[in-house]
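The values are calculated or read from the model by the stated rules, or taken from the named source; none is laboratory data. Nothing here was measured: the structure is a model prediction, and the numbers come from that model. For neighbour counting, all protein chains shown are included, and Cβ atoms are generated from backbone atoms with ideal geometry for every residue, glycine included. These area figures cover heavy atoms from the full protein model, side chains too; ligands, DNA and RNA do not enter into them. Shrake-Rupley method; radii C 1.70, N 1.55, O 1.52, S 1.80 Å.
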Amino acid sequence: MNINLRHILSILFIWLALIAVSLSSRYYIPIDETRYVTVAWNMWLRGDFLVPFLNDHPYSDKPPLLFWLMDIGWAVFGVNDWWPRLVPFFFSLMSVFMTSYIARLLWPSSHTVARMAAVILFGSLLWMVYSTATMFDMMVAFFTLLGMAGLLLAWQRPGPMGWLLAGAAIGLGLLAKGPTILLQILPVAVLAPWWGRRPDMDWRRWYVGMLGAVVMGAAIALLWAIPAGLHGGETYQHAIFWGQTADRMVNSFAHQRPFWWYTLFLPILLFPWLLWGGIWRGLVKLQSSREDTGVRFCLAWAVPVFIAFSFISGKQVHYLLPIFPAFALLAAYGLGKLQTVPGRAARAGVAVAVMLTGLALLLVPHWHNPEKMAAWMLHIPAWAGVALLLCGGIFLIWKSADMEQEVWLSASVGIAMVLILHFAVIHTAGLAYDIRPISAKIKTLQEAGVPLANDGQYHGQFQFAGRLQQAVEVTYSGQFSAWFDAHPGGRIIFYIRPGDKAPLGNGHADFIQPYLDGTVGIYSREALLPPS
């Protein structure tokens, strides 16, 4: 079999395995995934695909592309649970192959680098985890890669094709998650004279092309934003035209997380690569290639974004996903320059980390603290810890014939960890992350005409899971008595976390189930309030 075909089939097989494990081991995780699928559900119910809605109000936090894709799938396959979860998988897979394509544009004579870059990206812990998450970041990563390919084509070949591709990437990226796509693509375009030094290049024409791509991208986004703003009202207009940019930037500088926070977590986010000695040997090799166009291109891609996100205090690990391909490309190119395959000693860091994780899974049920830990942690199966101990040991002693096999071996450890943890942790958590039972109960009560309210802010987590036709009201602890007076026979959805006191009444919920690190129940006045 052709090695390129074998490489593609291997990635497809792992991709399908990850889909199967994810779909079979968990449901949408509250509160982010459940919120996003609820917004798409509300679009579907309302038949309004212009303005996203959540709890009967326009939802301005995110643009509509992900919601549109969910609704398109439902239009084709019918409303189902599985289609929205496949959307990020498709963008993840396309991003992996797009990374290989960019590697071939940068280093056309090295097919090995292109293959290794794809494996390094797909085998990164954070990339695998968010490939299974119904969120926006895989779309942003793909459109970033599309924009990078456009910039390279505009640099390598005369004509408008590269800039049209970059403009489309910017426009679709804006519709995916707002202006963050500009931060991903524009630094590389602006720094082109540094990474793409060519004596015959007309840089004034380059920047005109860059401006044209930005204008094209903005025009694509405005085709939605202008009619949506007119339809959604003045508050929604402010939110989508100003709130997603200036307001968020101002509020982000509250220094909620320190500058070094991303750096601290990189060994985990990029596991197993930063714990594998081979990567460090390859990155050191890059010092002799500081003048290489591909190396400079990847540095212009990753470094400005990493620094910018480090300064912005509102940090989330998945914000870094669009620069992971740049790391994969640099690492693959550096490894391709090594003359020998790193020995087993280079694997020690990864092996120890895997075995320590296995040991932790074995010990958690015995060290369980009911005041601070969810009850389901008592039931983490011992086989998972044993499996990770074996994985670490096998990884340490396995022999590799060449560098490409060594990269695949290292990636396999990370893939095995993700698959095992899905069944050992997420599947074991069970109803703590599967809200379908309580959502079905809420639907039954709504259909019976029973008034319902949620204790505290409601993120729409039960809407799609229960296929609810109307949103749940919101009330707060100091308002319970007044709410019950206004809604005789009503019920309140109430949450209890480890260490919290039980409800003040008789405590007997109409329905109760585990929820995240505690429980959630449906309570009547008698169950929730003390006798008057």
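What pairs can you find where one residue is in segment 269-285 and in contact (Cβ under 8 Å) with a residue 24 or more places away in the chain, the other is among the charged types (D, E, K, R) and open to solvent by 10 Å² or more (accessible area, probe 1.4 Å), and their Cβ atoms are less than 8 Å apart, with a gap of 6+ or different chains?
Qualifying pairs under 8 Å: GLY282/LYS337; LYS285/LYS337.
If GLY173 passes every condition in (1) open to solvent by 10 Å² or more (accessible area, probe 1.4 Å); (2) under 22 Å from PRO63 (Cβ atoms) but one, which one does it miss?
So the condition that GLY173 fails would be (1).
Write out, first by first residue and then by second, each pair whose Cβ atoms fall under 9 Å of each other, whose residues are 6+ apart or on separate chains, and whose first residue, in segment 327-342, is without any contact (Cβ under 8 Å) to a residue 24 or more places away in the chain while the second is surrounded by fewer than 24 Cβ atoms within 10 Å (Cβ to Cβ).
Qualifying pairs under 9 Å: THR340/MET403.
Looking at segment 314-341, which of its residues are among the small types (Gly, Ala, Ser), outside any helix (DSSP H, G or I) and crowded, with 16+ Cβ neighbours inside 10 Å?
Taking segment 314-341 first, the residues among the small types (Gly, Ala, Ser) are 314, 326, 328, 331-332, 334, 336.
Keeping just the survivors that are outside any helix (DSSP H, G or I) gives 314.
Result: no residue meets the conditions.
Step by step: first the residues of segment 342-373, then only those that are within 30 Å of GLN287 (Cα to Cα) and open to solvent by 50 Å² or more (accessible area, probe 1.4 Å), then the one that is modelled with the highest pLDDT. Which residue is that? Walk me through how you get there before you give the answer.
The initial filter retains those residues of segment 342-373 that are within 30 Å of GLN287 (Cα to Cα), namely 342-353.
Still in the list and also open to solvent by 50 Å² or more (accessible area, probe 1.4 Å): 344-345, 352.
Values: ARG344: 85, ALA345: 89, VAL352: 95.
The selected residue is VAL352.
Just the residues that are open to solvent by 70 Å² or more (accessible area, probe 1.4 Å) and farther than 21 Å from ILE31 by Cβ, please, taken from segment 511-529.
ARG525, GLU526
Going by the structure shown, is GLY460 of a type outside the set (Val, Ile, Thr), open to solvent by less than 40 Å² (accessible area, probe 1.4 Å) and in a loop (DSSP other than H, G, I, E, B)? Spell out the reasoning first.
Numbers: of a type outside the set (Val, Ile, Thr): yes; open to solvent by less than 40 Å² (accessible area, probe 1.4 Å): yes; in a loop (DSSP other than H, G, I, E, B): yes.
Answer is yes for this residue.
Can you tell me which condition ILE307 does not meet? The list is (1) open to solvent by 50 Å² or more (accessible area, probe 1.4 Å); (2) more than 28 Å from VAL140 (Cα to Cα), and all the others hold.
Among (1) open to solvent by 50 Å² or more (accessible area, probe 1.4 Å); (2) more than 28 Å from VAL140 (Cα to Cα), the lone unmet condition for ILE307 is (2).
Do we find that SER477 is in contact with an Asp or Glu (Cβ under 9 Å, 6 or more places away or on another chain), of a type in the set (Ser, Thr, Tyr) and either open to solvent by 20 Å² or more (accessible area, probe 1.4 Å) or at positive phi (or both) in this structure? First the steps, then the outcome.
Numbers: in contact with an Asp or Glu (Cβ under 9 Å, 6 or more places away or on another chain): yes; of a type in the set (Ser, Thr, Tyr): yes; either open to solvent by 20 Å² or more (accessible area, probe 1.4 Å) or at positive phi (or both): yes.
Yes, satisfied.
When segment 7-43 is examined, which residues are found to be of a type in the set (Val, Ile, Thr) and either outside any helix (DSSP H, G or I) or at pLDDT below 95 (or both)?
Of the residues in segment 7-43, the ones of a type in the set (Val, Ile, Thr) are 8, 11, 14, 19, 21, 29, 31, 34, 37-39.
Matches in segment 7-43: ILE8, ILE11, ILE14, ILE19, VAL21, ILE29, ILE31.
When segment 429-448 is examined, which residues are found to be open to solvent by less than 50 Å² (accessible area, probe 1.4 Å) and within 22 Å of the chain's Cα centre (by Cα)?
Once the filter is applied, which keeps residues that are open to solvent by less than 50 Å² (accessible area, probe 1.4 Å) and within 22 Å of the chain's Cα centre (by Cα), segment 429-448 yields ALA429, GLY430, ALA432, ASP434, ILE435.
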